[in-house]
Every structure is written in C-alpha cells, then in structure tokens.
Amino acid sequence: MQTEWDIVVIGSGNAAMSAAIAGREQGRSVLVIEKAGPDLAGGNTAYTAGAMRFVYDGADDLVPLLEDPTDPRLPHTDFGAYPAERFAADLLGFNDGRPLSREQRTLIAESYDAVRWLASRGVKFEPIYSRQSFEKDGRHVFWGGLTLATRGEGHGLAEAERAAFAGLGGEIRYDCAAEDLIVEDGRVRGVRTSAGAIRARAVVLGCGGFEANAAMRAEFIGPGWEEAKVRGTPHNQGDGLAMAFRLGARRHGFYGGCHATPMDLFTPPYGNLDLPHLERKHYRKICYFLGVMLNADGERFVDEGRDFRNYTYAQFGRAIMEQPGHVAWQIFDASVDPLLYSEYRFHDAHFVEADTLDALIDRLDGLTDKAQARATIAAFNDAVDESVPFDPTVKDGRGTRGLALPKSNWARRIETGPFKAYPVTGGITFTYGGVEVDEDGAVLHESGTPIPGLYACGEMVGGVFFNGYPGGSGLTSGVVFGRRAGNGAARAA
Ligand SMILES: Cc1cc2nc3c(=O)[nH]c(=O)nc-3n(C[C@H](O)[C@H](O)[C@H](O)COP(=O)(O)OP(=O)(O)OC[C@H]3O[C@@H](n4cnc5c(N)ncnc54)[C@H](O)[C@@H]3O)c2cc1C
C-alpha cells in the first residue's frame, strides 16, 4: 500500500473531488479520504438537486453543456441570460451593505469556466424545467438566473466526479476520518486519521462546514440552533475547521450565517438517509410564495413574495427558527394546489386539509392563537390587489395593499376550498463561516501568510456568503475553489 502521496484530499464532496481531479490533471498522486462509508460518499453534494448558478449569455452557452442537446423542448425555451452584473447584484443583495468580497468576485468570474471544466470531465447537465421554468404562451420561460442541474442531481454529480477521478488513476479511502494534521518543520506533511497516519506533501481540506455539529451551531449561530434539523450529511462536524485553527488559521467570513430552508416539521434529524437519493430533498417545503406562512401566534412573519424563492428560501428557514417553537404553517387554497412542487405530494408530506379555513385553523395543533390566525388571513385576503394579473414567471407586483408586513408578489386570496396547511420548521443546509484562502487556495494563518502545505475549499472557505444565498451557488463555489486548491496543492507538491 502506498504510504506517501503528493496530495491528500479530505472529504469526497464536490469541492474535494474538484481539488482531487485538478491535482491528478497536474500529474500528482492524489488520495481522497472520506469519514463516511461508501453509502454516504459525496457528503452534502450527494443530497443536492445539482443546480448550479453561473454566468451565461443565452442558450448558446448552455447547449454545449447539455446531455441531450436535441431535447425537443429546447427550441421552445427562453433561458434568458445571466450576466456577471446580475450575479454580483444577487450576491450584494445579501451582503448587508458589504462590497463584493474577493471570494465573491472570484466565484462570479470563474463560474462559467468551472461548469465547462466539469462538463469536460464527463459531468452532464440538464435544464431544470420542473422547478425553474413556467409555461407561458407555449414557451418554457426560465426565471431567477438558474437554469441547469447535473444529470442525476447531486448523486449523479458525485458519481460522475468519482468516475472522473478513478479514470485519472485516483484512489478513495472510505471510513477514514481525518483527526489531525501532521506538521514537520513548520509544514503540513500529512494527516492522522482514524485508520492511521498518511503522509503527503500537501493536504486539501474539503470536509465541509459545522452544520451537523449542534454545539458549534449554538455557539456561532445562536441559542436554539442546536435543535435545527440537518438537511444533509451527519458528518460535517467542523473537523476541518478545528484542524486548521489548531495550526493558527485565520477565521474568515460570517460565522453567524447559515443557509437554512423551510422543511417539513417531521423531517428526520439528518438528511433522510433511509430514502432513495432522488427523494432526499422531498421534506423541503419552499412554495410559500404561493400562500402565506403563519407562526404559532397566528401572525405572518416574512414577506412570502419578497423575491423569487431562489433568493428567499435560504433565509426563510432561519426566519422560522426564530418563531415560537421553531414552527410555522404554510397555508394554501385549492387554486394554487396544481402549482405546488412535487415535494408537497411526497408520500411522507405532512399536512392538514379541510373544506373551510375555520376548520383548517381549528385543526392546527400547536397554533395557539387561532383567532389571530383567522384575523391575519382575513386581513391578508382583503389586502390582495386583484387588479394585477398573477404571473409566477416574473416578479408580478401582484401584492397586498396596506398591510404592515406586505406580500410583494404573487399574492392571491386564500378563499377556495379545500385548504391545506403544511407544518414546517427550519433545516440547516450549510454554514458560511470558514477559513481564508489565498489565490492558490492556501489557508492563511492569523499572520496573513499561507500555512505551508495546507489548502481548503468548499463550505470551508469563508467570505463567499453572508446574510443569504442565491440558490445554486454552493456547488459552483465548490468547483471554483476546489480547482484552485487542487492546482495550488499540485504546485506545492
Ligand atoms: C439537501 C441539500 C440540497 C442542496 N442543494 C443544492 C443545490 O441544488 N445547488 C447548490 O449549489 N448547493 C446545494 N446545496 C449546498 C451544497 O450541498 C454545498 O454547498 C456543497 O455540496 C458543499 O460541498 P463541499 O464539498 O464543501 O461539502 P460536502 O459535499 O458536504 O463534502 C464534505 C465531505 O467531507 C466529509 N468529511 C467531514 N469530516 C471529515 C473528516 N474529518 N475526515 C474525512 N472526511 C470528512 C463528509 O463526510 C463529506 O463527504 C444543498 C445542500 C443540501 C444539504
């Protein structure tokens, strides 16, 4: 068995595998070690929908990436364009006044090249017709700047990356958890793992954030977060951050921030490992923009139609976590039922149904102020501006008038039975705080200089996201910073 490698990559998610493939492309020997067994290979990446956000200029940029460029829907599809300025504006919208960070500028600039590179390594893409487009005048109209996902979603992406790595002669060791870094003469020279020490000339940390670590969530994000459901792998416990900090790495980014999404209240505590991979996302509940969300006091607490759900779903999980009991109800009438995504028809979707709103509210266990709930919906219905046509392909401006907390788009009266209420909580997806890396992906020490031999990528890189997240950016960020770390480690090795 080989005992010394040019590069050891910790983790087998999208970021780590991008680093590993890049390292092999440079001719270096690369070993990937993964804490999980083969069943949970690919970490959070394997749970994703595979949606990737990147800069493009119309269909001509997209068609070369597609698995099936002869799809008969393509001539009837409007993909629009997603220029760098829009990606920048989308990220800035969540920066709370901060200018674009260095990491964000890199993400935008390298986003299209990153997906083209993935495609060149055998990853295939398909348009996300079911969730990112609506039919309008006989055409498929995409909205929100997010158009493609990897074939077979995140599971397909992780499989394709493993195949690409294996094709380049790379090796993966499962059930092998990194525990500490080996340092000699001020340089990282390998990893101590649950399966013994492994020597290397460079080490890439691609082992995720701290979303699955209840104590770290409570410490950094805030009290109550120890109770959050975890949408993905149980293995992202902040191990890589702890190892880097022991070597004096600089903390970077927004540690109080995280991506958290409305989820079925009865979601299992971790990412639904018992389900087939394509069903693992089905506890998510993100069609709130078609109805209203009430908390246990019977009050609305967010503008459900503030923006396309790509730009709100990662914050509204947090908003629910801040409500009494970390719970809310998404309420819909029959008129929007056909528009609800398939996750609302999932065999284990929990909801209450009734012919009248009164009966529905009576049946909501845990909703303590039922009179207020009735008053909230009545006031909402009275405030809907019905003069504006409903159009889910654009921000239609069909809002409420006169409410202290408006619904800005897609407002429809909740008046046609039967009515449904889905109880939801917040599920954490990933954390935003991490380490700082330089242009080569090298981890920076508190002093501002790179820690020799240590690289990082993916969720571990801080400074990419602050108080929110435009959907589909995490995977792209993983490829952008993964490639950098792999190339940087290859040069160092
Ligand atoms: C349900 C869900 C849906 C999502 N959908 C999307 C989407 O459609 N588009 C998008 O862009 N993003 C999406 N995301 C976010 C996306 O998953 C992340 O941004 C991205 O996958 C993170 O990649 P990563 O490689 O940094 O981490 P991961 O993919 O989580 O990989 C980290 C790996 O490190 C391993 N590991 C941890 N500790 C150790 C250790 N000590 N030793 C060895 N290995 C270790 C873990 O087991 C894991 O395999 C979604 C996330 C979830 C949970």
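The values are calculated or read from the model by the stated rules, or taken from the named source; none is laboratory data. Just so it is clear, the structure is predicted and the values come from calculations on it, not from any experiment. Glycine gets a Cβ as well: all are built from the backbone with ideal geometry, and neighbour counts include every protein chain shown. Areas reflect the complete protein model, heavy atoms only, side chains present, ligands, DNA and RNA absent. Shrake-Rupley method; radii C 1.70, N 1.55, O 1.52, S 1.80 Å.
Quick look at the numbers
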quantity	calculated
Some residue of segment 92-108 being open to solvent by less than 30 Å² (accessible area, probe 1.4 Å) and among the charged types (D, E, K, R)	yes
Filtered residues of segment 10-31 (kept if near the ligand (Cβ under 9 Å from one of its atoms) and part of a strand (DSSP E or B))	ILE10
Every residue from segment 190-209 that is more than 10 Å from the ligand (Cβ to nearest atom) and not basic (Lys, Arg)	GLY190, ALA195, GLY196, ALA197, ILE198, ALA200, ALA202, VAL203, VAL204
Some residue of segment 155-177 being over 21 Å from GLY37 (Cα atoms), in the same structural domain as ALA22 (by TED's automatic domain parsing) and within 14 Å of the ligand (Cβ to nearest atom)	no
Selected residue (criterion: nearest to VAL188 (Cα to Cα)) from residues of segment 445-457 that are open to solvent by less than 10 Å² (accessible area, probe 1.4 Å) and within 15 Å of the ligand (Cβ to nearest atom)	LEU454
Subset tally (residues that are hydrophobic (A, V, I, L, M, F, W, C), more than 27 Å from the chain's Cα centre (by Cα) and open to solvent by less than 40 Å² (accessible area, probe 1.4 Å)) for segment 142-195	4
Test: residue in segment 83-90 that is within 16 Å of the ligand (Cβ to nearest atom), modelled with pLDDT under 95 and open to solvent by 10 Å² or more (accessible area, probe 1.4 Å)	no
Pick from segment 232-268, criterion farther than 29 Å from LEU181 by Cβ and within 13 Å of the ligand (Cβ to nearest atom), ranking: most open to solvent (accessible area, probe 1.4 Å)	PRO268
Odd one out for PRO392, checked against (1) modelled with pLDDT under 95; (2) under 25 Å from GLN323 (Cα atoms)	(2)
THR476 being within 13 Å of the ligand (Cβ to nearest atom), closer than 21 Å to HIS235 by Cβ, hydroxyl-bearing (Ser, Thr, Tyr) and open to solvent by less than 40 Å² (accessible area, probe 1.4 Å)	no
Meets criteria (among the acidic types (Asp, Glu), crowded, with 17+ Cβ neighbours inside 10 Å and closer than 30 Å to PRO234 by Cα) for GLU436	yes
Only listed residue being open to solvent by 10 Å² or more (accessible area, probe 1.4 Å), free of Cβ contacts under 8 Å to residues at least 60 places away in the same chain and of a type in the set (Val, Ile, Thr), chosen from VAL352, VAL327, VAL384	VAL384
Given (1) of a type outside the set (Gly, Ala, Ser); (2) part of a strand (DSSP E or B); (3) more than 16 Å from the ligand (Cβ to nearest atom); (4) within 15 Å of the chain's Cα centre (by Cα), index of the condition THR429 fails	(3)
Matching residues in segment 32-69 - criterion: being away from the ligand (no atom under 16 Å from the Cβ) and either part of a helix (DSSP H, G or I) or basic (Lys, Arg) (or both)	ALA59, ASP60, ASP61, LEU62, VAL63, PRO64
Residue match in segment 34-53 (condition: among the charged types (D, E, K, R), in contact with a strand residue (DSSP E or B) (Cβ under 9 Å, 6 or more places away or on another chain), modelled with pLDDT of 95 or more and closer than 27 Å to ILE128 by Cα)	yes
Matching residues in segment 279-302 - criterion: being within 12 Å of the ligand (Cβ to nearest atom) and not in a loop (DSSP other than H, G, I, E, B)	GLU279, ARG284
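Results for (1) closer than 20 Å to VAL394 by Cβ; (2) under 19 Å from the mean Cα position of the chain (by Cα), shown as yes or no for each residue.
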position: GLU299; (1), (2): no, no
position: GLY305; (1), (2): yes, no
position: GLN315; (1), (2): no, yes
position: PRO324; (1), (2): no, no
position: ALA328; (1), (2): no, no
